[in-house]
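J.: Quick one: the structure is below, and I'll ask about it shortly.
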Amino acid sequence: MKIAFCCTDTRPEPWLDGLRATLPDAEVSLWQAGVASEPADYAIVWAPPQAFIDAQPRVKALFNIGAGVDALLRLNLPDPLKVVRLDDAGMAVQMAEYVCHAVIRHFREFDRYQEAQVEREWAFRKPRPRSDFSIGVMGLGILGTRVAQALQAFEFPVNGWSRSPKTLAGVQTFHGQGEGFEAFLAASQVLVNLLPLTADTRDILSRQTLARLRPGGYLINVARGAHLVEQDLLDLLDSGHLAGATLDVFRTEPLPETHPFWAHPRITVTPHTSARTLRDESIAQIARKIRALERGEPIAGVVDRTRGY
Ligand code: NDP
Ligand code: OXD
């Protein structure tokens, strides 16, 4: 069995070593543009160029070393090709800790305490009622579900929104466009975005949606930069409707040095790091799935290419 590895922005050697150790019967090679190589049976990819796909007429499955497949689905992929995303592989707990940190930092006003420390000021902030601090999680998939459960453990009221109806203990769930979405937004003060980027969700965090949050709203975007209309966020922060935002993903990454988000007093910026791909966990998951496919068994995490996630 031949496996080709083609991941941009990733140091290949540790992946190649790990894959060879985990799948000793496989021939694992690094794909390089312009270097002739034999077609592979499986490919492990992150944002590969179209030339890589075109050079793989025999490949049975493309394993994406991330959860989001939006970049991959923008390529011209042959019809029967299976696209497989990572499911969790250690990302859900990272996402839960990132979002809980952002929510609690805002709820408990830790930024204000930090300012007070600079002034050597011993001053309490009045406790805010938790019941007023409702959190809406957009996307109740592998990551959104874990985040909603983690927030619920801190006894915040949690709402969740998905495409199809869902039941999640202790979470008030909403689904679909129209009334379901309106009611979800109206019930939420903090919005956490964990949607995949698809034609339906691009630009979904716009003036129109963010203005429907309860006053003093707060945005946490950990999904994709193209979900957010950036100027609309800036305007709603200026008008005071939104209290702040924590952003991990951006339309242009790395975020350009001159971008207004960097210096905004009420925006926290992190460099697309809320849930990193963990190499060992990912290799183990991909190897398990390749073995299952070789035995003719079904696997989890196959992307519905029409739906876009
Ligand atoms: P899943 O595919 O498991 O879940 C997606 C969820 O979004 C599902 O609940 C789905 O609904 C819902 N959804 C999709 N389209 C719509 C829509 N039009 N309206 C309402 N709900 C919708 O994804 P994951 O939880 O694994 O990951 C989510 C995203 O997080 C990834 O696509 C990626 O972009 C991002 N991500 C970011 C990382 C980072 O470091 N910043 C790291 C990893 C992922 P339904 O359940 O009905 O299908
Ligand atoms: C992912 C990501 O989709 O890292 O896994 O953004």
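The values are calculated or read from the model by the stated rules, or taken from the named source; none is laboratory data. Keep in mind that this is a model prediction, so the values were computed, not measured. Please note: Cβ atoms are built from the backbone with ideal geometry, for glycine as well, and neighbour counts cover all protein chains shown. Only protein heavy atoms, including side chains, enter the accessible area calculation; ligands, DNA and RNA are left aside. Shrake-Rupley method; radii C 1.70, N 1.55, O 1.52, S 1.80 Å.
J.: Could you figure out which of (1) open to solvent by 70 Å² or more (accessible area, probe 1.4 Å); (2) within 16 Å of ligand 2 (Cβ to nearest atom); (3) among the basic types (Lys, Arg); (4) under 26 Å from THR145 (Cα atoms) isn't true of ARG108?
T.: Against the list (1) open to solvent by 70 Å² or more (accessible area, probe 1.4 Å); (2) within 16 Å of ligand 2 (Cβ to nearest atom); (3) among the basic types (Lys, Arg); (4) under 26 Å from THR145 (Cα atoms), ARG108 comes up short only on (2).
J.: Would you tally the residues in region 47-56 being in a loop (DSSP other than H, G, I, E, B) and surrounded by fewer than 16 Cβ atoms within 10 Å (Cβ to Cβ)?
T.: Total meeting the criteria: 1.
J.: Do we have VAL190 as touching a His at 6+ places or on another chain (Cβ under 8 Å), within 18 Å of THR268 (Cβ to Cβ) and in contact (Cβ under 8 Å) with a residue 60 or more places away in the chain here?
T.: Values: touching a His at 6+ places or on another chain (Cβ under 8 Å): yes; within 18 Å of THR268 (Cβ to Cβ): yes; in contact (Cβ under 8 Å) with a residue 60 or more places away in the chain: yes.
Yes: the conditions hold for VAL190.
J.: Can I ask one more? Restricting the search to region 22-46, which residues are open to solvent by less than 80 Å² (accessible area, probe 1.4 Å), modelled with pLDDT of 95 or more and not polar (S, T, N, Q)?
T.: Across region 22-46, the qualifying residues are LEU23, ALA26, VAL28, LEU30, TRP31, ALA40, ASP41, TYR42, ALA43, ILE44, VAL45, TRP46.
J.: Kindly establish whether LEU195 is buried (at least 18 other Cβ atoms within 10 Å of the Cβ), closer than 18 Å to ALA102 by Cβ and more than 16 Å from ligand 2 (Cβ to nearest atom).
T.: When the stated conditions are applied, LEU195 does not pass them.
J.: When region 57-72 is examined, which residues are found to be more than 11 Å from ligand 1 (Cβ to nearest atom) and open to solvent by 10 Å² or more (accessible area, probe 1.4 Å)?
T.: Listed by number, the residues that qualify are PRO57, ARG58, VAL59, LYS60.
J.: While we're on this one: For residues in region 250-278 being open to solvent by 100 Å² or more (accessible area, probe 1.4 Å) and within 13 Å of ligand 2 (Cβ to nearest atom), which is farthest from the chain's Cα centre (by Cα)?
T.: Step one: of region 250-278, the residues open to solvent by 100 Å² or more (accessible area, probe 1.4 Å) are 251, 254, 257-258, 262, 265, 271, 276.
Narrowing further to those that are within 13 Å of ligand 2 (Cβ to nearest atom): 271, 276.
Values: PRO271: 13, ARG276: 10 Å.
Residue satisfying both the conditions and the ranking: PRO271.
J.: Only one of (1) of a type outside the set (Ser, Thr, Tyr); (2) surrounded by fewer than 14 Cβ atoms within 10 Å (Cβ to Cβ); (3) farther than 22 Å from PHE110 by Cα is not met by GLY160, so which one is it?
T.: (2)
J.: TYR218: hydroxyl-bearing (Ser, Thr, Tyr), buried (at least 20 other Cβ atoms within 10 Å of the Cβ) and within 11 Å of ligand 1 (Cβ to nearest atom), yes or no?
T.: For TYR218, the condition - hydroxyl-bearing (Ser, Thr, Tyr), buried (at least 20 other Cβ atoms within 10 Å of the Cβ) and within 11 Å of ligand 1 (Cβ to nearest atom) - is not met.
J.: Another question, if that's okay. Please go through region 69-108 and pick out each residue that is free of Cβ contacts under 8 Å to residues at least 40 places away in the same chain, under 30 Å from ARG130 (Cβ atoms) and assigned to a loop (DSSP other than H, G, I, E, B).
T.: Passing the criteria: only ARG108.
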